[in-house]
Amino acid sequence: MNYDALTLAAVSEALRAKLVGGRVQRVVRPSPLSIGLEVYTERRYQLLLSAEPQGPTALLSDEKLRRGTEKPSPLLLLLRKYVEGARLRGIHQPELERALHIHFEGAEGKVTLVCELMGRLSNLILLDAGGTILDAAKRISAAINRRRTILPGQPYLPPPAQEKLHPLTADERAWLNDLLAAEGPLWRRLVEMAFGLSPTLAREAVYRASGAVEPPPPWEMALLTEVLRTARDLLRLAETGAWAPSVAYEGEGAVRHAVAYAPYALTHLGDYTPCETIEEALRRYMRDRAPVEDIAQDPYLAARRRLKEIIAEAQARQQARIDSLRRELPSPEALAALQWRAQAILALAWQIQPGQRELVVEPYALTGDPADAQKSPVAIPLDPALSPAENAQALFREYRKRQAALEEIPPRLAEAEMELAYLQQLATDVDLAENRPQLEAVERALAEAGYRPRAAALNRRPSTPMAGPLRVTAPDGTLILIGKNSAQNAEVTFRHAHPDDLWLHAHNVPGAHIIIRCEGRPVAEETLILAAQWAAYYSANRAMPRVPVDYTLRRYVRPIPGGRPGMVTYREERTLIVSPAPAPKEAERR
């Protein structure tokens, strides 16, 4: 669900109240088509401006926005030149348009950032004081749109005006007559005839006026007049500021989910929840609809997606290799049957005539074993161009070839399956990564494993120092170590842990290695459960309500011979079933 003009008016008013007069302290690029601004007034605000087609937005984020793309874009470099350190002087929305004009004034002069939030046509465009385009998130050449090019050096032209009625100034009698002459449901006629009216607002106006979203025709003029008055009253919220934000839901219990938001009560959808601000309504909707995909919730979304794509491609290759090896792997029964057929040809060679294409063998007649008396005859194909001895030799050669494969393939299959398990661990590492160094650690691991160019990943200087494992002190004073990725897992298990410390890991899924530094001393049940909850949370099963977690002494944990970092086997384990819970944010990282 994209912003409509009225929602953007409410957002614009909220942003003006908090940001105008503030200084831009930081500019980042969370994704290829988004910009994050840190604006300081009486406090620091994180403003996300996104032209991503699946979710264009202008929203204050609860979390600090961070860089999500590796290389700065030309637009980002210009924003750092003109906007970083500048004052935010104003936020303006053209009447009933889905666009914001954010004005800045700094040492390099005045500039305006135009945020066009129009679904797949969304864009972020930086203008100089004279209205000339400096650059844009999406450059649009004349080959793409000859009427409106978005290129550096070109004059900025706003989106073309829609050939529709102005809902607040159009002649009422003409509009009512046009409504009667149009086709389709009443709310759709409103949308098609007047600009600035979204389907959600039109449905709400019709419902408030008639008591139904689609009242059946014929419609009396009094009803149409009331629909028009209601629609205009809703649009005038931009003038009155009498906002009543809400989020509408469908379903019940665990399947109840948000379906719409608006700066007014969504009475036509029935199940709606009022919100204090439009920002709260937007956050509720976005968290419910896309808790992971929302850039405001995940500032590293672009980097995370890129690594997941690399890992997914590598997983597909390993899975294809595993499938191929399994197809090539002969069964012992097939080998025995092949050997039996070769021996049968040699034993019954005297029966085979020149040019014969098949030898039918009675198992009992061949072996004399009473156990074979009830077995059906076996037909053995023959090559008529070969002698019986040559046919038998061909089968023996095939037998020896498959016997060699039976010895060679299982180690290769085990290696491929171990590699696939490591990739699954790296995919979990990406999901669990909380900052850029942790994502860079995954990229380095991919390069070391041969899935990324080594020069690109291993020679790149880390953006910030690599953090070590998480160190947490339990309520009883016991130190607990948490590995947040495969390298840290190997570190906490084989460098920091003593043989008599307790080791924990979510059962049968990729996840963190956790060490309770007890050195053989009894561990309080509360501490054990707490560590198990963290092991469940920092695993691929963190979204499950209950997760089995294995624990054993560290002495019973061994690295897999030839395995990647953090890959282990263990024994003498016991299992707890717990609910996942994150470690405290104030935990110490060393």
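Just one of the listed residues (535, 497) is under 30 Å from the mean Cα position of the chain (by Cα) and not basic (Lys, Arg), namely 535. Looking across the stretch 317-327 at every residue that is surrounded by fewer than 17 Cβ atoms within 10 Å (Cβ to Cβ) and charged (D, E, K, R), the one that is nearest to residue 394 (Cα to Cα) is identified as 327.
Here 213, 206 are screened, and the one residue that is under 37 Å from the mean Cα position of the chain (by Cα) and assigned by TED's automatic domain parsing to the domain that holds residue 244 is 213.
Could you please find all residues in the stretch 85-108 being buried (at least 18 other Cβ atoms within 10 Å of the Cβ) and part of a loop (DSSP other than H, G, I, E, B)?
Quick first cut of the stretch 85-108, residues buried (at least 18 other Cβ atoms within 10 Å of the Cβ) only: 86, 88, 91, 93, 96-104, 106.
Passing the criteria: 86, 93, 96, 97, 98.
Within the stretch 449-466, can one find any residue that is at pLDDT below 90 and under 29 Å from residue 527 (Cα atoms)? Within the stretch 449-466 (the criterion being at pLDDT below 90 and under 29 Å from residue 527 (Cα atoms)), the answer is yes, since at least one residue qualifies. Of the residues making up the stretch 411-418, not a single one is of a type outside the set (Lys, Arg), over 20 Å from the mean Cα position of the chain (by Cα), modelled with pLDDT of 90 or more and farther than 30 Å from residue 67 by Cβ.
Screening 181, 222, 238, 194 for residues that are in contact with a Pro (Cβ under 7 Å, 6 or more places away or on another chain) and more than 16 Å from residue 268 (Cα to Cα) leaves exactly one candidate, 194.
Yes or no, residue by residue, for (1) surrounded by 19 or more Cβ atoms within 10 Å (Cβ to Cβ); (2) in a loop (DSSP other than H, G, I, E, B):
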site: 158; (1), (2): no, yes
site: 169; (1), (2): no, yes
site: 189; (1), (2): yes, no
site: 196; (1), (2): yes, yes
site: 218; (1), (2): no, yes
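Being under 22 Å from residue 333 (Cβ atoms), at pLDDT 85 or above and surrounded by 15 or more Cβ atoms within 10 Å (Cβ to Cβ) holds for only one residue in 378, 360, and it is 378.
Residues are listed down the side, and each one gets a yes or a no for (1) at pLDDT 90 or above; (2) in the same structural domain as residue 54 (by TED's automatic domain parsing); (3) among the acidic types (Asp, Glu); (4) over 30 Å from residue 188 (Cβ atoms):
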site: 259; (1), (2), (3), (4): no, no, no, no
site: 272; (1), (2), (3), (4): yes, no, no, no
site: 321; (1), (2), (3), (4): no, no, no, yes
site: 328; (1), (2), (3), (4): no, no, yes, yes
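Applying the condition of being free of Cβ contacts under 8 Å to residues at least 24 places away in the same chain and β-branched (Val, Ile, Thr) to the stretch 125-154 and asking which residue is surrounded by the most Cβ atoms within 10 Å (Cβ to Cβ) yields 133. Contact map, the stretch 222-237: first residue assigned to a helix (DSSP H, G or I), second residue among the charged types (D, E, K, R) and surrounded by 18 or more Cβ atoms within 10 Å (Cβ to Cβ), Cβ cut-off under 7 Å, separation 6 or more or different chains; pairs are 230/208; 234/204. Of the residues 531, 512, 540, which is in contact (Cβ under 8 Å) with a residue 40 or more places away in the chain, within 22 Å of residue 427 (Cα to Cα) and crowded, with 20+ Cβ neighbours inside 10 Å? Every option except 512 fails the conditions.
Listed by position, the strands (runs of 3 or more DSSP E) enclosed by the stretch 470-579 that each have at least 3 residues that are touching a His at 6+ places or on another chain (Cβ under 8 Å) are 502-506, 547-553.
For the stretch 404-437, residues that are without any contact (Cβ under 8 Å) to a residue 12 or more places away in the chain and closer than 12 Å to residue 484 by Cβ total 0. Only a single item in (1) assigned to a helix (DSSP H, G or I); (2) surrounded by 15 or more Cβ atoms within 10 Å (Cβ to Cβ); (3) under 45 Å from the mean Cα position of the chain (by Cα); (4) of a type outside the set (S, T, N, Q) is not met by residue 330, and it is number (1). For the stretch 109-120, a residue qualifies if it is within 22 Å of residue 4 (Cα to Cα) and either part of a strand (DSSP E or B) or basic (Lys, Arg) (or both), and the qualifying residues are 112, 113, 114, 115, 116, 120.
The values are calculated or read from the model by the stated rules, or taken from the named source; none is laboratory data. Computed from a prediction, not measured in an experiment: that's the story for all the values here. Positions of Cβ are generated from backbone atoms using ideal geometry, with glycine treated the same way; all protein chains shown enter the neighbour counts.
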